[in-house]
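The values are calculated or read from the model by the stated rules, or taken from the named source; none is laboratory data. Owing to the predicted nature of the structure, the values given are computational and were not obtained by experimental measurement. As a convention, Cβ positions derive from the backbone with ideal geometry for all residues, glycine included, and neighbour counts pool all protein chains shown.
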């Protein structure tokens, strides 16, 4: 049975978390990721603008469609009052035989991003296949990220490393090992609260731990999924990413932690795919917006 004192303590704690979340809202910049629209970049920009978000994260499809005409993409984003916050540049292999290929590809994307008016280049690494990860893999990835970050900076944009399920930086200790091998002057962290949760970590504690590294946050949620309906992006891991508030990420704690560190950079709402068969990308975006406004008490515009 909950005592009156325990009840009042819980209420007080919730109030503190809410105030901290509101403090974060006053500083951080909100955007929305276009991943659920797939290759339909123009529709994603139109819908995200209509829902009310004023910044966007685009993927490789943007380079495929606008790579030789970045100014056209910039004009389209301007028409819909969208800031180009992040470009997902794809995977970064640590295979030594592919190093120059990897560096060249991502630098090309960085130049495109800069010319299209974008701000951050995101990369995800590829976990070695058919063998376990060894300590030298973390060291090599950290060094490669550092070299890439130097080159993207020369192109006019900073590099953000996105730890991710099924990557070398999947588990909390692996994220730490990668960052320990990287130079924070050239590599920034895109911290994904749901991937960190699914990888076995506490995203609330990690936000405080990596406060000096984080330049971009992915706001998302994750829940367990039965194997037959697993929609975890092909991992077969028995989980699926869902709209905010539908999973097990401690989102009030996340917003409180962001308030504690006075986070004033990009917070991008991301959903890997629409989890409900009858749903649409725009409907999911509306659902995420309602969570931010009604439950997190944030301003979306």
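Beta carbons closer than 8 Å, at least 6 apart along the sequence or on distinct chains, pair a first residue in segment 66-82 that is at positive phi and without any contact (Cβ under 8 Å) to a residue 40 or more places away in the chain with a second that is assigned to a loop (DSSP other than H, G, I, E, B) and surrounded by 16 or more Cβ atoms within 10 Å (Cβ to Cβ) for 81/54. Against the test of being part of a loop (DSSP other than H, G, I, E, B) and buried (at least 16 other Cβ atoms within 10 Å of the Cβ), the options 217, 222, 249, 175 yield a single qualifying residue, 249.
If I ask for residues that are touching a strand residue (DSSP E or B) at 6+ places or on another chain (Cβ under 6 Å) and surrounded by fewer than 22 Cβ atoms within 10 Å (Cβ to Cβ), which ones from segment 120-145 would you list? So that I can check it myself, show each step before the final result.
Here is the first cut: in segment 120-145, the ones touching a strand residue (DSSP E or B) at 6+ places or on another chain (Cβ under 6 Å) are 120-126, 141, 145.
Answer for segment 120-145, where residues must be touching a strand residue (DSSP E or B) at 6+ places or on another chain (Cβ under 6 Å) and surrounded by fewer than 22 Cβ atoms within 10 Å (Cβ to Cβ): just 126.
Answer yes or no: is there a residue in segment 228-240 that is modelled with pLDDT of 95 or more and either within 17 Å of the chain's Cα centre (by Cα) or part of a loop (DSSP other than H, G, I, E, B) (or both). Looking for residues that are modelled with pLDDT of 95 or more and either within 17 Å of the chain's Cα centre (by Cα) or part of a loop (DSSP other than H, G, I, E, B) (or both), one finds at least one in segment 228-240, hence yes. The residues of segment 193-211 that are under 21 Å from residue 128 (Cα atoms) and either within 15 Å of the chain's Cα centre (by Cα) or buried (at least 23 other Cβ atoms within 10 Å of the Cβ) (or both), listed by number, are 195, 196, 198, 199. Here 46, 61 are screened, and the one residue that is surrounded by fewer than 21 Cβ atoms within 10 Å (Cβ to Cβ), assigned to a helix (DSSP H, G or I) and either under 20 Å from the mean Cα position of the chain (by Cα) or modelled with pLDDT under 95 (or both) is 61.
Would you confirm, using the coordinates I've provided, whether residue 73 is more than 22 Å from residue 195 (Cβ to Cβ), touching a strand residue (DSSP E or B) at 6+ places or on another chain (Cβ under 7 Å) and part of a helix (DSSP H, G or I)? Spelling it out, it is not the case that residue 73 is more than 22 Å from residue 195 (Cβ to Cβ), touching a strand residue (DSSP E or B) at 6+ places or on another chain (Cβ under 7 Å) and part of a helix (DSSP H, G or I).
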